[in-house]
Amino acid sequence: MESNASQLSALDIEPLVARLRQGDTRALARAISLVENDAPQAHALLSACFPHTGHALRIGITGAPGAGKSTLVDRLSRHYREAGKTVGVVAVDPSSPFTGGAILGDRIRLQERIADPGFYARSMATRGSLGGLALATADVALVLEASGKDILLIETVGVGQDEIEIARLADIVLLVLVPGMGDDVQSLKAGVMEIADLYVINKSDRDGADRVEQEIRALQSLASTHAAWTPPIVRTVATTGEGVDRLAQAIAQMEQWLTAEHRLTHRRAQHWQRRLHAMLRTELMRRARRHGLGENQLSEHAARIAKGREDPWQLVAQLAQKLFEEQPPEH
């Protein structure tokens, strides 16, 4: 399938987008593969998808490994499908050290609803990227949204404080904690705790749930980055579905708060500002490679700089001048 996708011509992009918007699951899978593999047609595909985005609510689910994020994603998916909303899931899994692909994960967990036309799940490999998110996650989410999904659930790999990258993609961030963390909750406060819009105490039927909630409330008494919004705390038992309805209600309340006074638009503008920085860096590196400046050449420059034989500031200025003199590429 990948070899066929890589042969897709730019002229075939519009029919492909038309099919995925009509609910063609195979077209959607093919489009996501193009984006995830950074195929030559990926930019044209994303440009064609972009006008059909902006309507879906993006919910990020983050937290330490073992917190039950995937089970919670499964339960939320069920809830929204029962409410008549279409759902797309992007689950970022660890990379296989042998193939570079995602290992285990949600391809298995969510396969029972594979025949549901209103549901689509994609498991992605981190491929070495930090922050709990694969580099192409934002683009995959965009394609899923263009296919007409009402809700996007984006589950991170679970790597600790680096999970703050999810805040640059999601409209609403759920931080999933579990009893038994103890002082670990305190240790998270300098990183991932600040990005949470909602705290979820999962596996709350275990001893220690009260302590986790107390520690969260103690942290909330400190300075908050959410202004008028105080992140609520919701207890769940994802394995049984207990508390999932309350969690969905809290998400809906957060969405209403974001919609008021254009907060959601402002949050998305901030996201796109950061995204533009990343896109520009990626495009500059593409141009640099076309000029023959690959990793080997950078290593040679670095070695000369380390020995004092080359001025890094003059080098970068020279390279940048070459890149900006180049005509923009055709996508």
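The values are calculated or read from the model by the stated rules, or taken from the named source; none is laboratory data. The shown structure was predicted, so the numbers you read here are calculated from the model rather than taken from an experiment. Cβ: placed from backbone, ideal geometry, glycine included. Neighbour counts: every protein chain shown.
General observations
- Looking only at residues in the range 31-65 that are at pLDDT below 95 and among the charged types (D, E, K, R), the one that is surrounded by the most Cβ atoms within 10 Å (Cβ to Cβ) is GLU36.
- Filter result for the condition that a residue is of a type in the set (Lys, Arg) and without any contact (Cβ under 8 Å) to a residue 12 or more places away in the chain, over ARG235, ARG211, ARG268, ARG289: ARG289
- Some residue of the range 52-63 being touching a Phe, Trp or Tyr at 6+ places or on another chain (Cβ under 7 Å) and more than 22 Å from ALA252 (Cβ to Cβ): no
- Of all residues in the range 229-245, exactly one satisfies the criterion of being in a helix (DSSP H, G or I) and either outside the structural domain of ILE172 (by TED's automatic domain parsing) or surrounded by 14 or more Cβ atoms within 10 Å (Cβ to Cβ) (or both), namely VAL244.
- Scanning the range 152-161 turns up no residue that is out of contact with any helix residue (DSSP H, G or I) (no Cβ under 8 Å at 6 or more places or on another chain), within 21 Å of TRP272 (Cα to Cα) and modelled with pLDDT of 90 or more.
Residue-by-condition table, conditions (1) exposed (fewer than 13 other Cβ atoms within 10 Å of the Cβ); (2) charged (D, E, K, R); (3) touching a helix residue (DSSP H, G or I) at 6+ places or on another chain (Cβ under 6 Å):
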{"position": "MET279", "(1), (2), (3)": "no, no, no"}
{"position": "ARG287", "(1), (2), (3)": "no, yes, yes"}
{"position": "LEU293", "(1), (2), (3)": "no, no, no"}
{"position": "LYS307", "(1), (2), (3)": "yes, yes, no"}
{"position": "VAL316", "(1), (2), (3)": "yes, no, no"}
{"position": "GLU325", "(1), (2), (3)": "yes, yes, no"}
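- Lone qualifier among SER123, SER129, SER224 - being outside any helix (DSSP H, G or I), in the same structural domain as GLY63 (by TED's automatic domain parsing) and at pLDDT 70 or above: SER123
- Residue match in the range 166-182 (condition: farther than 26 Å from ALA218 by Cβ, assigned to a loop (DSSP other than H, G, I, E, B) and at pLDDT below 90): yes
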